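To start, the structure under review is shown below, and the notes come after it.
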Amino acid sequence: MNINIAAAVFETGRSLGADFVEIYMEETRASALTLKDKVIEGANANTDFGVGVRLLYGTEVLYAYTSDISQENLVELVRGLAFGRQGNPAKYATLSPMTFAGTLQDIQDPRVLGQGYKLDFLHRADGAARKLSPEIVQVSASIIDAVSHIEILNSEGLHICDERSRVRFNTTVTAGKNGDRVSASEAPGFFGGYEVLADLPVEDLAQKAGERAMRVLNAPYIGGGQMPVVMGNGFGGVIFHEACGHPLETESVRRKASPFYGKIGEKIAHSAVTAIDDGTITGEWGSINVDDEGTPVQKTVLIEDGVLQTFMSDRVGAAEVGVPLSGSARRESYKYAPVSRMRNTYIDAGSDSFDDMIASVDDGLYASKMGGGSVNPATGEFNFAVEEGYRIKDGKLAGVVRGATLIGKGDEILPRISMVGQDLTMAAGMCGASSGMVPVTVGQPHIKVDKILVGGRA
Amino acid sequence: MNLSEAVELLSQEARRAGAEQFDIIGQNMRSQGLSVYNKKVQRTELSQSVGLGIRLFKNGAPGYASTEKLAPDAIGQTVKDALSHAEFTAKLNIELPGKTSLVELPEPWNDEIEALTMEQMATAALEVEAKILAEGAEIENIPHLGIGTDSAQGIFANSAGIWHQRRANQWGMGVGAVALRDQVRKMGVFHRSGRNLKLLDTDHIAKMAVERALELLSPQPMASGTYPVLFSHRITSSLVGLFLSSFHAEVVQKGQSRLAEKLGQSIAVPQFVLRSEPHRTDLSRAKVMDSEGIPTQALTLIEDGKLQNYLYHLESAQRDGTQSTGHGVRGFGSKVSTSFHNTVVAPGSSSADELRKSMTRGLEIVKLEGASGCSAVSGEISIGVQGFLIENGQRSQVVDGITLSTNFFDLLQQIEAISSTYHDNFSAIKVPDLLVGGVSVSA
């Protein structure tokens, strides 16, 4: 970013009385290659480019973005954004010399190696899944990557640059029989370059997805009702992400759209539950070098032994809710103002064994693989699909079932988590909220929820 | 460099690089909007963005690339990227269309929307907030209340001589109000949008948000079982919309649709008629030309209960040896895919109220909770819902915390009646109430 242009933007914001001005400049090059039914179905590359300018008046946010980064346009944009405002803010700080939060020095840069590097991985996945059975009717595999160059400058003198690279492999395998179709996916993602692909077991992932699709295809529908549920590790953490994680973001709390509003220090979960949001884990899909306001990333303990410790915060949320900055301000791109968002969120490992959990259930469900879900943070109401489940009868697994959905309220479910396993694993996902889609990781060991409504065919 | 100049430069670069054919999409978008909370404007947003994308063909194979940077070096790189991608993809025997006559439709544009100021929008939003708080003593909070306008200018150009410009704008307001009774919270959501600013009626928007926040309070338990279900016109568009990809020829060709090999066969009750209506200017996705330069046309998908057609774009049509139906869609940064333009299910003869009165005992569903238990591939529906138990034609109690389980393709065969009532949102899909027999409910 040209420092003189930044200075002009700051001066315009100050002349209009803004307490704080921030510039976020981004250039992201993203590419994707998709193999479907043995042919390349999609090959694409996009360059996203632009600047977002944020003005704060107290905690009121004014945000504008543009792809035209000329000084004339940016100054005009700020004037339009804050038209009619006035005030007498304190003098802005002088910009510090630019520092780097992260660089691409130690990675295999996707932009250099190109799309052709992906081909072998995609064909290997396709071949492995097709070997499984004639019931496999379609295999798709894709690898996406995105390399971003970010600059954040603000009126407090911050000038930080960050370079980020993410790579994600996805395989979706469809099994079919008698007109019925079931798809299953595996989609690990990484914060890094193409080096993450070297040891990726793409054949195993494709076969895992294919085997699950076939099991579900041949499974009966579950009969619904209230029952205990043992939830799978890894992507099972999506239920905590949706039902509890979003209401623990200051973006929900500051609007009182959270059942956890005003409950710091209170017991909100079973004492077996410790929950963490950690942006610092090396190579995890949801990790960051620095947040999108330039705050250093950290490991944030949200719930410890069932007691609420803090919320995930951004600058505005921290000020309104009265919690420290947690380095959680995130946005999809320059087209969004940053708000508090999750990074790598997980329920920490406990002491129970998976076998003990299953043995403790007379009549229930083992949700071995969760699908997606959503939550209304204001009411706590959530819903999740179960991609693959097993009935539990008399303390033993009793066959695969399909068509299950879990619904409930986040604050009611947390106290019902009565057993937490030792086998913590993580899984990549994409999370959508007011600052767009951001990469996140969810995780947990196996956990047991004593009672939850399972939707099925009565 | 403005958008037209950038499209022209991209065309020149593609020709210079030896592309046999190409089509280009350029978009220039502007928006402004704000949200209010607790009697104050909380957030104001203003945006302007551009995008330029190309699909070019080299040795018959397509390659895509796009950029948001309208500069010569970025445009040159975009052509290089697209050419390199054409080396990976399979050859397609398609010919991009040339100029042809198009249906004339009114421009989807209202100058009054462009004249709407931030101050006017703030006044309207604060009015809605005040009216909601004045109307409902049980309203605890209004965490979501936003208003904004969007405008877009688009250019479609191709190597066969088409240069088509279009612009569109609209306004929108959305409210989420939370009501509290007996420790149970419910959020009432109401959204209104369009090009007609007379519909920015703060009294009506506030009244509807309050009504929807209050109506589902005090839920009572109900028994699991099999019930007839009246899916309200408020949610049928969302429900049917989840499964529309089954009608896309490209999805059928990929083995991802249960409608494969069903042309001419009965897939629904006779009264269920489904059409794509691109020339309905009262709906939000009216267009005269698709994203590949093919003139749009109305298309019947289901009539007399039988599957009549699939939706085609150029590539899927070539695979099936037929013509595109003009249903190709593409944003500047994406690959061509298929979509209905406007989707309409034909109305029945009875109103929604009359259908409710015809029910002895059943459920009326007015709210869907997520869609992650629904699969367009299998047709499976396993979804949380909220609504009312209907007894003797009347709403007898509120129900929530229940799930429905069925299959969309079974549901089409189990429709007992279709209402004549549509939602009044400005949207691209219109589906009346559907009364469906024998749906499994878990409670």
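The values are calculated or read from the model by the stated rules, or taken from the named source; none is laboratory data. All values reported here derive from a predicted model rather than from experimental measurement. Note: ideal-geometry Cβ built from the backbone for every residue, glycine included; neighbour counts use all protein chains shown. Just the protein is used for accessible areas: all its heavy atoms, side chains included, with ligands, DNA and RNA removed. Shrake-Rupley method; radii C 1.70, N 1.55, O 1.52, S 1.80 Å.
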Note to self: Can you pull out every residue in region B:269-295 that is in a strand (DSSP E or B), open to solvent by less than 50 Å² (accessible area, probe 1.4 Å) and of a type outside the set (Ser, Thr, Tyr)?
What the structure shows: B:Leu274, B:Met289, B:Pro295
Item checked: Whichever residue in region A:103-113 is within 14 Å of chain B (Cβ to nearest Cβ) and out of contact with any Asp or Glu (no Cβ under 6 Å at 6 or more places or on another chain) and, among such residues, is surrounded by the most Cβ atoms within 10 Å (Cβ to Cβ) -> A:Leu113
Check: Looking at region B:124-135, is at least one residue within 14 Å of another protein chain (Cβ to nearest Cβ), over 30 Å from the mean Cα position of the chain (by Cα), modelled with pLDDT under 95 and loosely packed, with under 13 Cβ neighbours inside 10 Å?
Finding: no
Item checked: Qualifying positions in region A:345-358 - open to solvent by less than 10 Å² (accessible area, probe 1.4 Å) and either within 19 Å of A:Gly306 (Cα to Cα) or part of a loop (DSSP other than H, G, I, E, B) (or both) -> A:Thr345, A:Ile347
Notebook entry, point to check: Do you know which residues across region B:35-74 are more than 7 Å from chain A (Cβ to nearest Cβ), under 20 Å from B:Ser159 (Cα atoms) and either surrounded by fewer than 23 Cβ atoms within 10 Å (Cβ to Cβ) or within 29 Å of the chain's Cα centre (by Cα) (or both)?
Noted result: B:Gly51, B:Leu52, B:Gly53, B:Ile54, B:Arg55, B:Leu56, B:Lys58, B:Asn59, B:Gly60, B:Ala61, B:Pro62, B:Pro72
Notebook entry, point to check: Do the conditions hold for B:Gln265, that is, is it farther than 27 Å from B:Ser349 by Cα, in contact (Cβ under 8 Å) with a residue 12 or more places away in the chain and not basic (Lys, Arg)?
Noted result: no
Check: List pairs: first in region A:6-28 and more than 18 Å from A:Thr295 (Cα to Cα), second of a type in the set (Asp, Glu) and not in a helix (DSSP H, G or I), Cβ under 7 Å, 6+ apart or cross-chain?
Finding: A:Thr28/A:Asp48
Item checked: All positions within region A:114-158 that are open to solvent by 10 Å² or more (accessible area, probe 1.4 Å) and of a type in the set (A, V, I, L, M) -> A:Leu119, A:Leu132, A:Ile136, A:Val137, A:Ile144, A:Ala146, A:Leu158
Notebook entry, point to check: Of all residues in region A:81-101, how many are within 14 Å of chain B (Cβ to nearest Cβ) and either modelled with pLDDT under 90 or assigned to a loop (DSSP other than H, G, I, E, B) (or both)?
Noted result: 4
Check: Are any of the residues in region A:11-22 part of a loop (DSSP other than H, G, I, E, B), in contact with a Ser or Thr (Cβ under 9 Å, 6 or more places away or on another chain) and in the same structural domain as A:Ile150 (by TED's automatic domain parsing)?
Finding: yes
Next item on the list: Mind listing just one residue for me: the one in region B:173-219 that is touching a residue at least 12 places away in the same chain (Cβ under 8 Å) and assigned to a loop (DSSP other than H, G, I, E, B) and, of those, most open to solvent (accessible area, probe 1.4 Å)?
Entry: B:Asp182
Notebook entry, point to check: Quick one: is A:Leu62 in a strand (DSSP E or B), in contact (Cβ under 8 Å) with a residue 40 or more places away in the chain and over 30 Å from A:Val182 (Cα atoms)?
Noted result: yes
Notebook entry, point to check: Which of the strands (runs of 3 or more DSSP E) contained wholly in region A:386-458 include at least 2 residues that are open to solvent by less than 60 Å² (accessible area, probe 1.4 Å) and more than 12 Å from chain B (Cβ to nearest Cβ)?
Noted result: A:396-401, A:417-420, A:425-433, A:436-444, A:447-455
Note to self: Quick test of your reading of the structure: B:Ile142 fulfils all but one of (1) assigned to a loop (DSSP other than H, G, I, E, B); (2) farther than 18 Å from B:Thr296 by Cβ. Name the failing condition by number.
What the structure shows: (1)
Margin query: Exactly one of these conditions fails for B:Thr78: (1) of a type in the set (S, T, N, Q); (2) open to solvent by 60 Å² or more (accessible area, probe 1.4 Å); (3) within 19 Å of B:Val50 (Cα to Cα). Give me its number.
Written below: (2)
Check: Quick one: A:Ser374 ticks every box in (1) within 7 Å of chain B (Cβ to nearest Cβ); (2) under 19 Å from A:Pro445 (Cα atoms); (3) surrounded by fewer than 23 Cβ atoms within 10 Å (Cβ to Cβ) bar one, so which box is it?
Finding: (2)
Next item on the list: Out of the residues in region A:196-211 that are open to solvent by 60 Å² or more (accessible area, probe 1.4 Å) and part of a helix (DSSP H, G or I), state the one that is nearest to A:Leu119 (Cα to Cα).
Entry: A:Glu203
Check: Can we say B:Leu83 is under 22 Å from B:Ile294 (Cβ atoms), open to solvent by 30 Å² or more (accessible area, probe 1.4 Å) and among the aliphatic types (A, V, I, L, M)?
Finding: no
Check: How many residues are surrounded by fewer than 23 Cβ atoms within 10 Å (Cβ to Cβ) and within 14 Å of chain B (Cβ to nearest Cβ) when one looks only at region A:224-246?
Finding: 3
Notebook entry, point to check: Which ones in region B:412-429 are surrounded by fewer than 24 Cβ atoms within 10 Å (Cβ to Cβ), touching a Leu at 6+ places or on another chain (Cβ under 9 Å) and either free of Cβ contacts under 8 Å to residues at least 40 places away in the same chain or not aliphatic (A, V, I, L, M) (or both)?
Noted result: B:Glu416, B:Thr421, B:Asp424, B:Phe426, B:Ser427
Check: Within region B:296-372, which strands (runs of 3 or more DSSP E) (wholly inside it) include 1 or more residues that are open to solvent by 30 Å² or more (accessible area, probe 1.4 Å)?
Finding: B:299-303, B:361-369
Next item on the list: Output the number of the condition that A:Leu77 fails; it satisfies all remaining conditions of (1) part of a strand (DSSP E or B); (2) surrounded by 15 or more Cβ atoms within 10 Å (Cβ to Cβ).
Entry: (1)
Next item on the list: Take region B:355-397 and flag every residue that is among the hydroxyl-bearing types (Ser, Thr, Tyr) and more than 14 Å from chain A (Cβ to nearest Cβ).
Entry: B:Ser358, B:Thr360, B:Ser396
Check: Condition test on B:Ser442, is it more than 9 Å from every other protein chain (Cβ to nearest Cβ) and either of a type in the set (Lys, Arg) or out of contact with any Cys (no Cβ under 7 Å at 6 or more places or on another chain) (or both)?
Finding: no
Check: Would you say A:Thr12 is among the polar types (S, T, N, Q) and within 12 Å of another protein chain (Cβ to nearest Cβ)?
Finding: no
